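The values are calculated or read from the model by the stated rules, or taken from the named source; none is laboratory data. Predicted model only: the values in this text are computed from it and were never measured. Cβ placement follows ideal geometry from the backbone for every residue including glycine, while neighbour counts extend to all protein chains displayed. Heads up: the accessible areas ignore ligands, DNA and RNA and are worked out on the full protein's heavy atoms, side chains in. Shrake-Rupley method; radii C 1.70, N 1.55, O 1.52, S 1.80 Å.
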Amino acid sequence: EAGVAQSPRYKIIEKRQSVAFWCNPISGHATLYWYQQILGQGPKLLIQFQNNGVVDDSQLPKDRFSAERLKGVDSTLKIQPAKLEDSAVYLCASSSDRLSYEQYFGPGTRLTVT
Amino acid sequence: AQSVAQPEDQVNVAEGNPLTVKCTYSVSGNPYLFWYVQYPNRGLQFLLKYITGDNLVKGSYGFEAEFNKSQTSFHLKKPSALVSDSALYFCAVRGLKAAGNKLTFGGGTRVLVKP
């Protein structure tokens, strides 16, 4: 079974530029998550989708971050404009449904904002 | 609000010795508890979970964890550590009342196993 795919793996941008990350979850997984992991910290949930609907986006900085999952499969996370403090690893995870105990994580995208 | 504390930033252990990584939690109601491991430049890998039942949970790669409700702890253990166990370990909690499947992670503990 293929795992969660993410691209790009690394991205370097200047502050105030925009950037987008892509995630393809495990086939058949209805629930998709985006996490932000700042160096030295644990992952923090940004947004959770159930199919193509948002379940929880309470910690998403909506003034600059946006995410979509239009067809209930893959998802994109966008930052516009980026700030220095957005430098982090962005992890995508999926689970079979919202009540599933196990989440499966992708390799992450390491973003550096200069 | 739910929270997780991993009091040790790093744990050093000699290969072959027992390994313990500490975790305490705070959550409303009964907790669902998890351990994940992260290797360099890779995503988190699931190790084990406690949902209900036996307080001693066995997981992948010889790891186990003990749920202690009175101490609100879920320490990760391995009887004999390997050099390949060197990685970053995260404890996570989900409360029954949490929306969706929201996990709250601790800050992580780096494990260094020396030959």
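Here are the numbers for the structure shown:
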| read-out | value |
| --- | --- |
| Residue in the stretch B:11-27 that is of a type in the set (Asp, Glu) and touching a residue at least 24 places away in the same chain (Cβ under 8 Å) present | yes |
| Conditions (1) within 10 Å of chain B (Cβ to nearest Cβ); (2) touching a residue at least 24 places away in the same chain (Cβ under 8 Å); (3) among the small types (Gly, Ala, Ser): number failed by A:SER58 | (2) |
| Whichever residue in the stretch A:32-51 is hydrophobic (A, V, I, L, M, F, W, C) and open to solvent by 50 Å² or more (accessible area, probe 1.4 Å) and, among such residues, is nearest to the chain's Cα centre (by Cα) | A:ILE38 |
| Any chance A:ASP63 is touching a residue at least 24 places away in the same chain (Cβ under 8 Å) and away from every other protein chain (no Cβ under 14 Å) | no |
| Residue that is open to solvent by 60 Å² or more (accessible area, probe 1.4 Å), at pLDDT 90 or above and assigned to a strand (DSSP E or B), where the choices are A:VAL54, A:VAL73 | A:VAL54 |
| Tally, over the stretch A:8-31, of residues that are in contact with a Cys (Cβ under 9 Å, 6 or more places away or on another chain) and surrounded by fewer than 17 Cβ atoms within 10 Å (Cβ to Cβ) | 1 |
| Count of the stretch A:76-101 residues which are surrounded by 14 or more Cβ atoms within 10 Å (Cβ to Cβ) and within 14 Å of chain B (Cβ to nearest Cβ) | 12 |
| Hits in the stretch B:21-59 (condition: under 17 Å from B:ARG94 (Cα atoms) and among the aromatic types (Phe, Trp, Tyr)) | B:TYR25, B:TYR32, B:PHE34, B:TRP35, B:TYR36, B:PHE46, B:TYR50 |
| Flag for A:GLN41 being away from every other protein chain (no Cβ under 14 Å) and in a loop (DSSP other than H, G, I, E, B) | no |
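Per-residue answers, yes or no, for (1) basic (Lys, Arg); (2) farther than 28 Å from A:GLN50 by Cα:
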| site | (1), (2) |
| --- | --- |
| B:ASN30 | no, no |
| B:PHE34 | no, no |
| B:ARG42 | yes, no |
| B:SER73 | no, yes |
| B:LYS78 | yes, yes |
| B:LYS102 | yes, no |
| B:GLY107 | no, no |
| B:LEU112 | no, yes |
